Structure formats: structure tokens, C-alpha cells
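Take a look at the structure set out below.
Where a number appears in this text, it was derived from the coordinates with a stated rule and is not lab data. Quantities reported herein were computed from a predicted structural model and do not represent experimental measurements. Counting neighbours? That spans all protein chains shown, and the Cβs are built from the backbone with ideal geometry, glycine included.
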Amino acid sequence: MHKPNFYFNTKQKYLQLLLLFILPFICNAQVKVLYNARIFTADVNHPYAEAIAINGKKIIAVGKNAEVKKIAGAAAEQIDCNGFFLMPGFIDSHNHGINGGKGLTKANTSDQMISVNELLAYAKKSLQKREGLTGDVLVIYGINISTWAHLDELIQEFNKDEFATQPVLLRGSDGHTSWTNQAMMKRAKLDEKFIQSLPPEEKIYYGTTKEGAPNGFVSEKGIRTITSKLVVETDFSKAAEKTMEYNNGLGITAFLDPTVSTFNNTRIDYMEWYAYLRKSGKLTAHIAGCVVPDLEDDPPHQISLLKALQKKYNGENFSIIGFKIFGDGVIEHPTHTAALSLPYTGTSSKGVLMFDPKKFERFAIAADKQNLLVHVHAIGDRAVTETLNVFEAVRKANGNNKIPHSITHLQIVLPSDFERFAKLNVLASYQLLWAFGDVTTIDIVKPYIHPTLYKWQYPARSMLQAGATICGASDWSVSSANPFEAIYHAETRRGPMGVLDSTECMPRLAMLYAYTINAAKAMMAEKEIGSLVPGKSADIIMLDRDILTITPEAMKETRVLWTMFEGKKVYEAMQQ
């Protein structure tokens, strides 16, 4: 295989500065040199190198073999990388960490697109083995949302035979949707009388038959009607450890967890388990956490609560940095809770904007003034526009662009908003694993929204060209956290039903920066992580191929050989 020249011409002045920086370290026995490698540094000024020196947890030199060895000193340990590819550890700007690890301890179809018959077989097997039971309820996580297009089959198959009296709950991989059978609806007292008792604005969260009876499909607030009847038991120490194992195995050494706690009644609290990992020496990633506030509450009170959590939990490799806001729901049929500027086809509904713009504006201004990040879930174009309007008000009120607030998901974004991201220093946290032609982007979206909106589905390339900072993200466990698969889809947008608008295909280098230094910015940690430069954390991964030169198809098959976090290997692939 042809090996490209990865050298950069280091100027003498740069080397002198490097020497000044690393002189205190060069006599330390911890110094290691990884040489004879093909290195992508994610440093835009010096993107390629062939050697890197580390001392303990930190990088002390990057450059050519001879230069780095000279800086490291004769006593340094020399490690020949035999031409393999090195790069910074991946950073995920929206990853539900321990919640994802919890899913790994339960019955879980992992977002696979399977038929109802295959799902039925999996459910029967889980029931026989008593796997996935929450109390006496069979709960299966990770259901691909395309399954909701087959509600009639679900209703038929999961309400007979052993499931006639067995409560079943199928949890959508998107985290916004679920389906439950008649036995579980009976337990939750979800019946026609309940539906009729709801105010009009809440009925949208419950699927119904033509006669007005519930069909088992629930979304958003409707899910709580079912889950309130569950007694969930999870071995969170095991879930937390699996979180680290899973992410490190994919080369991920840092992520933003958007929901480490909530200030409402949903009882989410994962902070103790990150603290457990840190205390037990098992925290092998840098974690930035956000808390979901209650926008109906007083902003100073919410901020004081968060400050108290920071005082209690912030420390080495885990910090709470701000708030996560829900702007809307999801767009796919039959949910239709994403907030659009035009009605869903054949209806008068434009979805659900989940915040009052004025209340959110007041909250965001107060948070920004306290140097707290605001990270917003926005899928529909109306949710994106309203969120940008709030951030524009924040910038005007506080007079700076210092805090890199972010919007995640961004399924529909209109051209009128593209340039606003760069202007307002609002980062685009994109899950481009989803940006390809399949059922979830065509069959259960295209017929239900206006063509002028559908045209701008995941417009990442257009936003990049307009100056937006694109950050890599997965939304794990909604879908795989595998960056290589995400980069493949971002680059090709090719799926089983064709290419989803080839004009929006992303350049590969842009995606590598998205999953490194740009995602570090979303965590407000770009000075410590995200690129291989002296002074930063020694978070490095070795890959089984040169991902700068391979085909897109080869990209999605890439494997991590080892993952180094703060100078220590925390994952190593088993030899074949």
C-alpha cells in the first residue's frame, strides 16, 4: 500500500518553543515515544506527524521521528508503531453515557431494523430466559423507530398467546417513543376514558384507533403514564463500567452526557455513577455533563441548584458544565412532535415546541451570564429557529460570544438559519449516522412533511460552507456510537433506499475535526483535549488502517487496535 508523506516542516522557532515547554519533563522515566507512525493530530496548524512523545498523562512533543526522539531524551522508552495510524481519541458531543450502559444490561435490540416476526421471536426468547424483565413486565429497549410503521402487526402479535396476560413495553431507540400491549395498558389504566380526560395539547402523545381507544403507542409525556407503573432495577455499577468499555472500544475518550440529572420528576441521576467510576479508578474518559432544568421554575433557583451539584461532583475528568433543553420531539410518523414551520401533511399540527420562547430566553441569558453552557435538542426547523432567536438575545444581552452554546440533532434546518450558527458561536452537534436513505428518512418522513422542509434534511455540508462548526455526535444509545460508521454515512449519505441528497455529503477531514477538536469545543475543553499537541491529555488511538486514504466503504469497517487515555491503554483489541 502506498504510504503518503505525513511530515510537516517544523520551523526552528517552533522547535525552540517546544524545548522550553518540555525541558521540565525530559528526565522523567515516564517519557515514552511513539514513533514510525502515520499521525493525524487534529491541530489545523500542524495536522500530520510521524512521532509523539508523552510524559505521564500529557503530550510533550509531536513531529518528525528524529525531532521528537531528541526532545524526549535518550532515557525515553521507544515504541515502534510500524507505520500504523494514530490520531486523537474520538470525542462525542452528545452521548447518553451511563443510560446507554444501562441498556447494555437489559434486553435490547440495539436499533437493528428487524421485522415484527423477528422481534416476536426475540421477545419470546427473552421471556423464557427471564431476561429484560422489570418486575413482571417484559421491557425491550433499542427498538428501531421504523417498527412503529407496523403497529397493526404489533397489536396482533403481542396481545395473544403468552402475551395475552404478559405486560410488554417496547422502548423506542429514539428515547421519545414506546409501544405497550393491552396487559400493560390495563395496569397503567390507559383506556379510552383516560384519553378523553386529557387536555387537547396532551392527546398528541397517545396513539389511538379510529374509535378513540388507545392503540398502545405513546410518546414524550405519554411514556411516563406507562413507566410510572414500573419498578426499574439496574446494577448501575455494572452499567457504568460497561459505558466505559463500550466507548473506549470505539476509540472514544471523551463525551458530553446531555442528561446526567433532571430538576423535574423524571428521576434521572447518573452523577453518582460517574463519581463511582472516578473513585474506583475506572473513569476512562473525560465527561462533561448537563442537567435538564424546569423552565417553569425561577432561573436563579435552577442555577443555584446546578452550582451546588458542581461543588459536589466536579473534579478530575467529570464536570457538570450546564443545562440541556428540549426544544421539541421527533419528526417521524406517527409521532410528529418535532416543531415545524409548516403543518404535517393532512393536518393542522406543526408539532410541539417544548419551551416558551420568552421563558427560555430569560433562562438562557441568566445561565450564560454565569458561564454555563446551554445545549438544546432541536429537530424541526421551527425549534432550530426559535432556539437561535434565544441565543441571539443572549448574545445581545450579555455582550459576548464566549460560551459555545450548542444545538443537537438538527434534522431540518432552513437556509435562512445557516449563517446564524457561526455569527452567534452556536455549535452544531450532528448525528450524521442518521443521514442516509432508508425507511427512517424517507418512508416515515417524506410523505408527512412539506417538500420545502424535506429538502433540507440534515444539511451539514451547507452549514459547514456557511461557517458553522460541525461537531460529531451519536446520541448513543439511540443508535451506535461508532464514529467510523457515522463518518461513512456523513461522507456518502448512502443507504438501502439510495443517497439522501448528495450535495450535503461531508468531506472526510471535516468529519475528523468534527469528532476531535470541534467536539472538544462543545465540551468547553478544547484547551485540554481534542488534538495531539504539547500540553494536552495523551488521549490517543491506533487504528487498523489509514483512514485518510481508504474508501468510504473501508471506513465503516475500521477497527480500533488500542485506546490510550491519559497515557495509559484502556482498551486493546484481541489478536485474531
Exercise. Which of the trypsin sites (Lys or Arg not before Pro) found in region 126-194 are in a DSSP loop and have at most 11 neighbouring Cβ atoms, other than their own, within 10 Å?
Worked result: ARG130, LYS160, LYS189
For this session: Count charges around GLY103 for me, please; just the other residues with Cβ under 11 Å from its Cβ, Lys/Arg as +1, Asp/Glu as -1.
Result: +3
For this session: With θ set to phi - 60°, apply the Karplus curve 6.51 cos²θ - 1.76 cosθ + 1.60 along region 459-464 and write out the HN-Hα couplings as whole Hz, x wherever there is a Gly or Pro.
Result: x, 5, 5, 4, 5, 4
Exercise. For ILE252, which sequence-distant residues (separation of 5 or more, or a different chain) have an amide H within less than 5 Å of its own amide H, given hydrogens modelled in the peptide plane?
Worked result: PHE90
Exercise. Taking other Cβ within 10 Å of each residue's Cβ, how do ILE321, ILE268, ILE365, ILE540 sort, fewest first?
Worked result: ILE268, ILE365, ILE321, ILE540
Exercise. How many nm separate the modelled label positions at ASP136 and SER502, each set 7 Å beyond the Cα in the direction of the Cβ?
Worked result: 5.8 nm
Exercise. If you average the sequence gap of Cα pairs under 8 Å that are 6 or more apart and divide by the length of region 177-230, what percent do you get for the contact order?
Worked result: 45 percent
For this session: Assign unit charges at the C-beta atoms only (+1 for Lys and Arg, -1 for Asp and Glu), then state the dipole size of region 267-364 relative to its Cα centre in Debye, rounded to the nearest 20.
Result: 380 debye
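Given charges of +1 on the Cβ of Lys and Arg and -1 on the Cβ of Asp and Glu, with all other atoms neutral, how large is the dipole of region 236-522 about its Cα centre, in debye to the nearest 20?
Charge dipole, region 236-522, about its Cα centre: 640 debye, nearest 20.
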For this session: Report the extension gain between ARG278 and GLU118 in nm, rounded to one decimal, defined as 0.36 nm multiplied by the number of residues separating them, less their alpha carbon distance.
Result: 53.6 nm
Exercise. In what order do SER93, SER537 fall by count of nearby beta-carbon atoms within 10 Å, going from fewest to most?
Worked result: SER537, SER93
Exercise. Given H placed on each backbone N at 1.01 Å, which residues far from LEU283 in sequence or on other chains put an amide H within less than 5 Å of it?
Worked result: ARG278
Problem set entry | Estimated Rh, the chain: Kirkwood, alpha-carbon pairs, angstrom | 24.8 Å
Exercise. Relative to the first principal axis of the alpha-carbon coordinates of the chain, what is the inclination of helix 357-369, with its axis defined by its Cα atoms, in degrees from 0 to 90 and to the nearest 10?
Worked result: 30 degrees
Exercise. Across region 318-329, in residue order, what do the Karplus-derived ³J(HN,Hα) couplings come to in whole Hz, using 6.51 cos²θ - 1.76 cosθ + 1.60 with θ = phi - 60° and x for Gly and Pro?
Worked result: 9, 9, 8, 10, x, 10, 10, 10, 8, x, 6, x
Exercise. In degrees between 0 and 90, to the nearest 10, how far off the longest principal axis of the chain does helix 299-313 point, with axes built from Cα atoms?
Worked result: 50 degrees
Exercise. Given H placed 1.01 Å from N in the peptide plane, which residues other than close sequence neighbours of LEU427 have an amide H under 5 Å from its amide H?
Worked result: HIS405, SER406, ILE407
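Can you pull out the GluC sites (Glu not before Pro) in region 198-297 that DSSP calls coil and that have at most 13 other Cβ atoms within 10 Å? Please report the intermediate quantities before stating the final value.
Values: sites: GLU201, GLU202, GLU211, GLU220, GLU233, GLU241, GLU245, GLU272, GLU296; in loops: GLU211, GLU220, GLU233, GLU296.
Loop-located and lightly packed - GLU211, GLU233, GLU296.
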For this session: Would you mind ranking ASP111, ASP443, ASP257 by Cβ crowding within 10 Å, fewest neighbours first?
Result: ASP443, ASP111, ASP257
Problem set entry | Size of charge dipole - the chain - debye, nearest 20, with Cβ of Lys, Arg +1 and Asp, Glu -1, no other charges | 1440 debye
For this session: Pop out the ³J(HN,Hα) list for region 274-279 in order, Karplus 6.51 cos²θ - 1.76 cosθ + 1.60 with θ = phi - 60°, rounded to Hz; leave Gly and Pro as x.
Result: 5, 5, 4, 4, 5, 5
Exercise. Helix 381-398 sits at what angle to the longest principal axis of the chain, using alpha carbons and giving 0 to 90 degrees rounded to 10?
Worked result: 50 degrees
Problem set entry | Contact order relative to length of the chain, as percent, for alpha carbon pairs under 8 angstrom and 6 or more apart | 16 percent
